[in-house]
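Inspection log for the structure reproduced underneath, given as structure tokens.
The values are calculated or read from the model by the stated rules, or taken from the named source; none is laboratory data. Given the structure is predicted, the values throughout are model-derived calculations rather than measurements. Here the Cβ positions follow ideal geometry from the backbone for every residue, glycine too, while neighbour counts run over all protein chains shown. Calculation scope for accessible area: heavy atoms of the full protein, side chains included, ligands and nucleic acids excluded. Shrake-Rupley method; radii C 1.70, N 1.55, O 1.52, S 1.80 Å.
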Amino acid sequence: MTLPSISPVLAFAAITGIIGTLQYFTQAAVAASVASGQVTGGGISDTFGYPEGSTFTYPLWLYVVGFRYHVLGYANVLAVVLFVVSMTATVLLRRFKEFTR
């Protein structure tokens with residue numbers, strides 16, 4: 001098995017890994033709720049980001065802006081920025097993959 005023969009698999013793993021990393025929501029929300037000791041049944045928790053904002057991720061910020069503060073236009077802009085960042089990372093990785101041929 002040589003590197004050129006598995007490079008498409010490595011590229012796919014890198015792209016899906018970056019996109020998955022940009023979408024951390026549930027893990028941070030559950031970790032903050034458990035760490036604060038105030039596990040709730042759902043909804044918008046006051047413990048997002050506990051302790052001291054260390055678990056406050058970009059998708060959590062998007063969710064809080066849209067559903068707690070009801071500023072849907074701003075949340076939409078945040079979602080578009082998240083899409084642009086993930087698309088830029090994908091394009092850069094694909095170009096780097098083509099460059100290494």
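A few comments on the model shown:
- Matching option when the condition is at pLDDT 85 or above and within 30 Å of Thr2 (Cα to Cα), among Thr100, Thr90, Thr57: Thr90
- Complete set of residues in segment 38-52 that are open to solvent by less than 80 Å² (accessible area, probe 1.4 Å) and at pLDDT 85 or above: Pro51
- Residue count for segment 4-18, restricted to those that are over 25 Å from the mean Cα position of the chain (by Cα) and not small (Gly, Ala, Ser): 2
- One residue stands out among those in segment 57-73 that are loosely packed, with under 13 Cβ neighbours inside 10 Å and touching a helix residue (DSSP H, G or I) at 6+ places or on another chain (Cβ under 9 Å): the one that is farthest from Ile18 (Cα to Cα), which is Tyr69.
- Residue in segment 48-58 that is assigned to a helix (DSSP H, G or I) and either without any contact (Cβ under 8 Å) to a residue 40 or more places away in the chain or under 17 Å from the mean Cα position of the chain (by Cα) (or both) present: yes
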